[in-house]
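Structure, as structure tokens:
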Amino acid sequence: MVTTSISRRAFVQGTTSALALASLPRISLAATPIIRLEWQVFKTTSHYAPYLNALRTMQATPGSTSSNAWQYWANIHANYCPHDKAYFLAWHRGYLYYLEQRLRTISGDTTLMLPYWDYYTYPTIPSEFTDTASGNPLYTSRVNTNAYQALSMTPFGTGVTNYQIGLNNAFETNLETAPHDPVHDIIGGYMANISTAALDPLFYLHHANLDRLWNAWTRRSTSKMPAATNSYWNGTFTYASNLSMARSLTRTVAGFPNPYDYANDNMPTGLPPQAQQGRIIRVQAPGLALRARPALGTFKTTGPGSVSSTRNSLGGLTGIPLGNNSVSAAIGLQTAGLNSLRDVLATSPGGQPATPSQGVGQAKHFQYVKLTFDGLSTSTAGDAGGYFYNIYLNLPASGDVDSVGDAHFVGTIGPFDISVARQHTNGSKDFDVTYLLAQLGLPNMNQMVVSFERVNGPNYAQGTVVSVNELRLELATDAP
């Protein structure tokens, strides 16, 4: 499979007249939703052969300006998809929908549906995707052939009732954090980079499964989706220069002119046997348990100060290399900074009212606490994937931390997420830790300890794979 990189500007210019909505199958009202099937069932249906033929045709279509070209759809994802920001799930729902219509046109199968890969039931990549036989449109080189290490039950917890990014303990944030990002990281190959991820046919099964899990979550009585009349659904999504979709259409799977549904509307109730270990137990080479907080490394410190008109740094570290081993890094806090932090947490969601202390930098104007990574990069070996890092804040210094790890969990970083940061934010990424710190409480302390827990697939890159130019704890006025 040949990949052709193309900038967003060139892509937009090249597709100005290449794809109009009229070139897609005519969208008309459908009485009965078409059901998307899990791969193991899908491959036994009459849709399987047309699906393969459509993939072959698209992969053989040169260039990236025709909607019949596989590269065209990969470039849409690379140039327009929102990651680590609002509408991550909704944008991808529309993207899959449009691709599905294109597959129907090319295949001639008017009821062809995208299959999904339920890795919570079948964590090993389907064998059809690893068959190296010539002409197999499903095959591409990957680092690993299962998603065991990438799975998490956190998004499906009873306490996850909010939906959108920016709200406390939100489903969208949790689902993107894991399994979305780690599946990209562990599988590796094309999947490990935003520029190439959508060239792997497995990518679409991965995102169809995420869409299925979102659909299942919305059916739970305690889930709080924004109402159809909420302004959250105003506006449109852009996929190409003249291919867009009203956000309101993506609120439910039944909202499309050609509605669809899933064969399985249930959230997972547990991890597959190979992944039934605590998150921290899985952070070293497979089978090696890590029960204590990783040892502190030694890094150069940076002092507090203004970062921008909306950010103040309370302190930071520079030059953090991440390799085969897990490591912790301590960010020192000065008394004034700690007081400012307390002021923010006292009025944050989940915090308790408190008498403001005398901090610095007019802390009353700040509303959020961010853990910010600047200058993220991966080595050549690290680009391929096969690993990622779980990030924790203030794990206990001693004792078995596995049982309390979830309460300290911040998020993940790996090659896929870093490629997103490098493409969209010059290698910068931040995590909102306001709610986490408000829940944990803030005892007297002079440092914040950030722990990086290495998680490997069976195959993974060796040596220093990730470099962090600067890590800071910041107070912010801008919302997540």
In terms of the charge dipole of region 279-476, which places +1 on Lys and Arg and -1 on Asp and Glu at the beta carbon, the residue among 449, 438, 382 farthest towards the positive end is 449
Take every Cα pair under 8 Å in the chain that's 6+ residues apart, average their separations, divide by the length, and report that relative contact order as a whole percent. 18
Karplus-derived 3J(HN,Hα) from phi for region 429-435 (6.51 cos²θ - 1.76 cosθ + 1.60, θ = phi - 60°), whole Hz, x at Gly and Pro, runs 8, 10, 10, 7, 10, 4, 5
Using the basic label-point model (7 angstrom from Cα toward the beta carbon), what is the residue 462 to residue 423 distance in nanometres? 3.1
What are the ³J(HN,Hα) couplings of region 397-411, residue after residue, when phi is run through the Karplus curve with 6.51, -1.76, 1.60 and θ = phi - 60°? Round to Hz, x for glycine and proline. 6, 9, x, 6, 8, 4, 6, 10, x, 4, 5, 10, 6, 9, x
Could you state the number of Å between the C-alpha centres of region 407-462 and region 35-85? 32
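Taking 0.36 nm per intervening residue step and subtracting the Cα-Cα distance, what contour gain separates residue 336 from residue 228 on full extension?
Numbers: separation 108, 0.36 × 108 = 38.88 nm, distance 4.50 nm.
Result: 34.4 nm gained on full extension.
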From the residues 264, 237, 206, which one has its Cα farthest along the dipole of region 205-264 in the positive direction, the dipole being from +1 and -1 charges on Cβ of Lys/Arg and Asp/Glu about the Cα centre? 264
Karplus couplings for region 168-173 from phi (6.51 cos²θ - 1.76 cosθ + 1.60, θ = phi - 60°), rounded to Hz, Gly and Pro as x? 4, 6, 7, 4, 4, 5
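For region 8-274, what does the relative contact order come out to in percent, with C-alpha contacts under 8 Å and a separation of six or more?
Computed value for region 8-274: 27 percent relative contact order.
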What number comes out for the charge environment of residue 327, summing +1 per Lys or Arg and -1 per Asp or Glu over other residues with Cβ under 12 Å away? +1
Neighbours of residue 94 by Cβ distance under 12 Å: Lys/Arg at +1, Asp/Glu at -1, summed charge +1
Using label points projected 7 Å from each Cα along Cα→Cβ, tell me how many nm separate residue 56 and residue 446, to one decimal. 7.0
Per the helix-only model, the chain has a calculated mean residue ellipticity at 222 nm (DSSP H runs of ≥4, -39500 (n - 2.57) each, divided over all residues, rounded to the nearest 500) of -7500 deg cm²/dmol
Region 105-183 to region 217-265: how many Å between their Cα centroids? 19
Three-way shape call for region 385-480 based on the alpha-carbon gyration tensor, with the a/c threshold at 1.5: oblate
For region 279-476, what is the charge dipole size about the Cα centre, in debye to the nearest 20, if Lys and Arg each add +1 at the Cβ and Asp and Glu each add -1 at the Cβ? 140
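Explain nothing, just the number: dipole magnitude of the chain about its Cα centre with +1 on each Lys and Arg Cβ and -1 on each Asp and Glu Cβ, in debye rounded to the nearest 20.
Charge dipole of the chain: 560 debye, to the nearest 20.
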Rounded to the nearest 0.05, what FRET efficiency do residue 49 and residue 221 have when you use their Cβ-Cβ distance and R0 = 56 Å? 0.85
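Pull out the extension gain between residue 136 and residue 324, defined as 0.36 nm times the separation in residues minus the alpha carbon to alpha carbon distance; nm, one decimal.
Result for the pair: 64.2 nm of gain on full extension.
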Total charge of the residues flanking residue 172 in space, meaning their Cβ is under 11 Å from its Cβ, with Lys and Arg +1 and Asp and Glu -1, is -1
Distance in nm between pseudo-label sites at residue 398 and residue 85 (7 Å out along the Cβ direction from Cα): 4.6
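Since every read-out is calculated from the coordinates, none of them should be taken as a lab result. Because the structure is predicted, anything quoted here is derived from the model rather than measured. Glycine also receives a Cβ, built like all others from the backbone with ideal geometry; neighbour counts cover every protein chain displayed.
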